[in-house]
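One structure is given below, encoded as structure tokens.
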Amino acid sequence: MEKYKVVEIFESINGEGRKAGQLAIFVRFQKCNLNCSYCDTRWANSEDSPYISMSADEIYKRILESGITNVTLTGGEPLLQNNIVELLEKLAENQDLKVEIETNGSVNLEKFSRIKNPPSFTMDYKLPSSLMEERMDLENFKYLTEKDTVKFVSGSMEDLEKARYIIEKYSLIGKCGVYISPVFDKIELSEIVEFMKKYKLNGVNFQLQIHKVIWDPESKGV
């Protein structure tokens, strides 16, 4: 049976996105294929990051024991895990679970979107200040549905302009959820709001990472 490299499993609230403020159980996997300038989980991203080896059954059992129905698979980049489809299919069997995958936008989503009862995707589009924009898989916009979300983490006016361009080019409003959030301590929050007002970005959500307000921004397991 395939094993997964899990760096932590914890219960908290969703800090961002459509279920912000709701309880969730988080499964964080090891390893990422990107190296964003503002990354706040580098401790989980390398091949050397400590992890626990867990099977799909073990992860599923831990989720059920939590009594929490919102499940967030995160990383790192969870879609890099060997045979992650097996775990997704296991979770999909339980209609009570609401499974979300946080993915970085560089991994093609086609095969994952074809799973019966697929998870919802919260997909980043990496903007210029991330230094990873050239790694984005633009085909992914074809596979997003109304239950999915695109997130733009913005640290500059250049980032905001690029986010607006992508939103319009791929007609994201109405297709999926659209969120803009700040790079922590890199841009004035009011700048984002004023930008949204200037361009009448109806249907776009401005969000803060709630967990970084409640706890220290460097805290793990929250």
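Read the figures in this text as sums done on the coordinates, not as results from a lab. Everything numeric in this text was worked out from a predicted model, so none of it was measured. All Cβ positions, even for glycine, are placed from backbone atoms using ideal geometry, and neighbour counts span all protein chains on display.
With both labels modelled 7 Å from their Cα along Cα-to-Cβ, the residue 37 to residue 89 distance reads 4.2 nm. Extension gain, residue 173-residue 206: 0.36 nm per intervening residue step, less the Cα-Cα distance, totals 10.5 nm.
With a Förster radius of 22 Å applied to the C-beta separation of residue 69 and residue 116, the computed FRET efficiency comes to 0.75. Between the residues 107, 165, 25, the greatest Cα displacement towards the positive end of the dipole of the chain, with unit charges on the Cβ of Lys, Arg, Asp and Glu, is found for 165. The mean sequence distance of close C-alpha pairs (under 8 Å, at least 6 residues apart), as a share of the length of the stretch 3-214, puts its relative contact order at 18 percent.
Peptides 149-160, 56-67 ordered by packing proxy, namely the average of other Cβ atoms within 10 Å per residue, highest first: 149-160, 56-67. From most to least packed by mean Cβ count within 10 Å, the peptides 7-16, 44-53, 74-83 give 74-83, 7-16, 44-53. Placing unit charges on the Cβ atoms only, positive for Lys and Arg and negative for Asp and Glu, gives the chain a dipole magnitude near 500 debye about its Cα centre.
Among the listed pairs 19/186; 98/200; 98/197; 31/198; 151/197; 151/200, those whose Cα-Cα separation exceeds 28 Å are 98/200; 98/197; 31/198. For the pair the stretch 193-207 / the stretch 87-115, the C-alpha centres are spaced 29 Å from each other. Along the stretch 89-97 the Karplus relation, 6.51 cos²θ - 1.76 cosθ + 1.60 evaluated at θ = phi - 60°, assigns HN-Hα couplings of 5, 5, 5, 5, 5, 9, 5, 7, 7 Hz to successive residues, with x for each Gly and Pro. No disulfide-compatible partner, judged by a Cβ distance under 4.7 Å, exists for the following cysteines of the chain: 32, 176. The simple spin-label model puts a point 7 Å past each Cα toward its Cβ; for residue 58 and residue 138 those points are separated by 4.2 nm.
Each residue of the stretch 154-163 was assigned a 3J(HN,Hα) from its phi angle through the Karplus expression (A = 6.51, B = -1.76, C = 1.60, θ = phi - 60°), giving 10, x, 7, 5, 4, 4, 4, 5, 5, 4 Hz with x at Gly and Pro.
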